[in-house]
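Inspection log for the structure reproduced underneath, given as structure tokens.
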Amino acid sequence: MKKSKIYLLIGLGLFIITLTIYIVALCPTIHPRDNPDIVSAAATLGIAHPPGYPLFTILGNLFTKIPLGSIPFRVNLMSALFSAAAIFFVYLIILKITKKIWPALIGAAILAFSYYYFVQSLYADLLSLNNLLVAIIVYILLLWREKKERKYLYLAALLVGLAFSHHQISFFLMPAFLYLILATDKKVVYGWELAKLVGLFILGLIPWIYLPIRASEQPAYIWGNPTTFKGFFEMIARKEYSRQSFQFVSTFASRIFDWLKIIFLQFIGIGFVLGLIGVNKIKQKDRVLFIFLLLCVLLTGPLFAFMADIPHMEMEFAAMERFFVFSSIFLAIWLGLGLDWLEVYTKKYTPLLLILPLALLLYNYPRANRHNYYYAYDLGINILNSLPENAVLFGGLDVPLFEFRYLQTVEHVRPDVTVLAGFDKDLGKLSDENKEKILKTFPDYSLSLEEMSKKYPVYTVVKNDLYWGEKQDNFSPEGLVYRYNADKNWVNDFNGNQAKDNLNKFILRNPIELTKQDDAFTKEIKFYYVEAYLHLGITLQEAKKPEEAANAYIKALEIDPNNFLATINYASTLLDRGMYQEAKGLYREILKKYPDNILAQKGLNYANQRLNQ
């Protein structure tokens, strides 16, 4: 058998092993953030959030026909397949550059089981298809550069259009692609050759046609209104996510730090350093390839971090870390080049370096494993089932709004509940089309909260939100939701029974694992449970029920032992109950971690005063 066929079989073996591990650890249902939205669109042949993701939706719908597991599991399976296939092409890319099997195999395997790439492969995520398309494009461009056959360049142009129609993040690589093409053969950008390439790129945008066609058929799940030119342009341009002000230097350094942190963790430091050595070594052999690979990392890493203009906030980081993984594909290629350099010294011992991806797998599997991950699903179910009949719910933002959308649209859970986007009556930054749709489907939206509450039970998923202004104190806790109460003195009669009853009925599978999970996605889920007990405790304290409040704070701390507000509020209940010695000890512990905290200092002083009387 030819060596090339053996190398191909080894690459296919890596693909099969990677895919098998991904399937074993695959999320069985919906996952926080975009996942419920794109699963709902795929299940109903609908339209997801901007830019609509038509290609992913069409392919996802095909996967929903597979008679295996739940509908989300089937679409999650598609992402696992795309991610494993991307690993196969990364292997081929490194193999083509180095001509050596071990650097290709080890470099690609390290990417496969690096934490963030691993996690992203275990639920339906838009970046999985993007990663695959880009990996294929890079491989085809390298083939064209080697063989000088125009068919490869034509195919690359088509795939670039296809990738751009899926997600515009791939367009960040256009300068790198253009550089490689021009540095290899400038003639291809003249005359009919250029026209052919542009035409094939435009042909790759054809999935966009799906948006207005399907929207005109009014699918069960639809975002915006791409049937008009304005609505279509706003959809593909992601206008809804554009910011009114550009946060320049103030947050740029923080975003770059976030990117570097993720990349460093991806490759456990030493892999990152080895990648730097590898790309520097290729500079001496192939300067064009060096510049191309350098551009790929700079464009998808620092430049993307700069252009994304996302605030340096923990909740936003959950969204951004997925996009930062994009540059990992090219850093894995760097790593492969570094392993090629290292092989000069390791020689016959190079196969022993397979212990690196194996170690990553063993270390990251328990953290990344989503086999029993039901937290997003359970949160949505718990909230919807705690509401009375015909309730109106301001459903917040991505979490848990997308969970509600999936449950109501795909599984038809609680169709009587009217879920409204955002936290506020002003509809936040929703597009004109979405505002119009809400007003059309729910005309009573024009009513004031007091008038609306006379017709429906009105709830919100977040009590302390600035949108509500002076009205925020009119929401009483009822578990994971907060009910609008026109009586401003409602707290005087508050007993917390409804909240406690709802909290006791909640389904929460694997609660111990929930407390251990520290990834940004799961923290969002934990936030709602902690807030539920926290606000119950605060309200019970206001109602002069310190012992019951203390129990609520204890529950919050069981979920998040490091929650500062729950800890210091619990300490205040010790003061309320005359337990001054215990309060003194707890305040001292708090001040060890937060020595300048004024509330803890005041509490400690008060406890000392009472003990000295």
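Just a few scattered comments:
- Every condition in (1) surrounded by 20 or more Cβ atoms within 10 Å (Cβ to Cβ); (2) more than 29 Å from A332 (Cα to Cα); (3) in contact with a Pro (Cβ under 9 Å, 6 or more places away or on another chain) is met by D37 except one, and the failing one is (3).
- Every condition in (1) part of a helix (DSSP H, G or I); (2) closer than 28 Å to Y365 by Cβ; (3) without any contact (Cβ under 8 Å) to a residue 40 or more places away in the chain holds for S4 except the one numbered (2).
- When L142, L129, L133 are screened for being under 22 Å from W341 (Cβ atoms), at pLDDT 95 or above and in a helix (DSSP H, G or I), only L142 passes.
- Neighbours by Cβ (under 6 Å, 6+ apart or cross-chain): first from the stretch 342-355, within 20 Å of I277 (Cα to Cα); second hydroxyl-bearing (S, T, Y) and buried (at least 18 other Cβ atoms within 10 Å of the Cβ): E343/T350
- Every test in (1) part of a loop (DSSP other than H, G, I, E, B); (2) touching a strand residue (DSSP E or B) at 6+ places or on another chain (Cβ under 9 Å) is passed by P595 save one, and that test is (2).
- Of all the listed residues (I256, I213, I222, I209), the sole one being more than 19 Å from V134 (Cβ to Cβ), outside any helix (DSSP H, G or I) and either modelled with pLDDT under 85 or among the β-branched types (V, I, T) (or both) is I222.
- Residue match in the stretch 56-70 (condition: crowded, with 24+ Cβ neighbours inside 10 Å, in contact with a Ser or Thr (Cβ under 7 Å, 6 or more places away or on another chain) and not small (G, A, S)): no
- Selection within the stretch 76-96 - among the hydroxyl-bearing types (S, T, Y) and touching a Gly at 6+ places or on another chain (Cβ under 7 Å): Y91
- Every test in (1) touching a His at 6+ places or on another chain (Cβ under 9 Å); (2) at pLDDT below 95; (3) not in a loop (DSSP other than H, G, I, E, B) is passed by A41 save one, and that test is (2).
- Options A550, A543: the member that is over 23 Å from I512 (Cα atoms), aliphatic (A, V, I, L, M) and surrounded by 16 or more Cβ atoms within 10 Å (Cβ to Cβ): A543
- Whichever residue in the stretch 502-525 is over 14 Å from N369 (Cβ atoms) and of a type in the set (S, T, N, Q) and, among such residues, is modelled with the lowest pLDDT: T515
- Any hit, the stretch 15-37, residues being in the same structural domain as L289 (by TED's automatic domain parsing) and under 30 Å from K285 (Cα atoms): yes
Each row is one residue, and each column tells you yes or no for (1) crowded, with 19+ Cβ neighbours inside 10 Å; (2) assigned to a helix (DSSP H, G or I); (3) touching a Gly at 6+ places or on another chain (Cβ under 7 Å).
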{"site": "Y529", "(1), (2), (3)": "yes, yes, no"}
{"site": "L534", "(1), (2), (3)": "yes, yes, no"}
{"site": "N562", "(1), (2), (3)": "no, no, no"}
{"site": "L565", "(1), (2), (3)": "no, yes, no"}
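Here is a yes/no grid of residues against (1) closer than 30 Å to L360 by Cα; (2) at pLDDT below 80; (3) in the same structural domain as S114 (by TED's automatic domain parsing):
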| residue | (1), (2), (3) |
| --- | --- |
| P226 | no, no, yes |
| F229 | no, no, yes |
| I236 | no, no, yes |
| I270 | yes, yes, yes |
| V273 | yes, no, yes |
| I277 | yes, no, yes |
| I282 | yes, no, yes |
| D286 | no, no, yes |
| D309 | no, yes, yes |
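- Any hit, the stretch 390-404, residues being within 28 Å of K505 (Cβ to Cβ), in the same structural domain as I438 (by TED's automatic domain parsing), surrounded by 17 or more Cβ atoms within 10 Å (Cβ to Cβ) and polar (S, T, N, Q): no
The values are calculated or read from the model by the stated rules, or taken from the named source; none is laboratory data. Remember, predicted model here, so these are calculated numbers, not experimental data. Cβ coordinates were reconstructed from backbone atoms using ideal geometry, including for glycine residues, and neighbour counts include every protein chain displayed.
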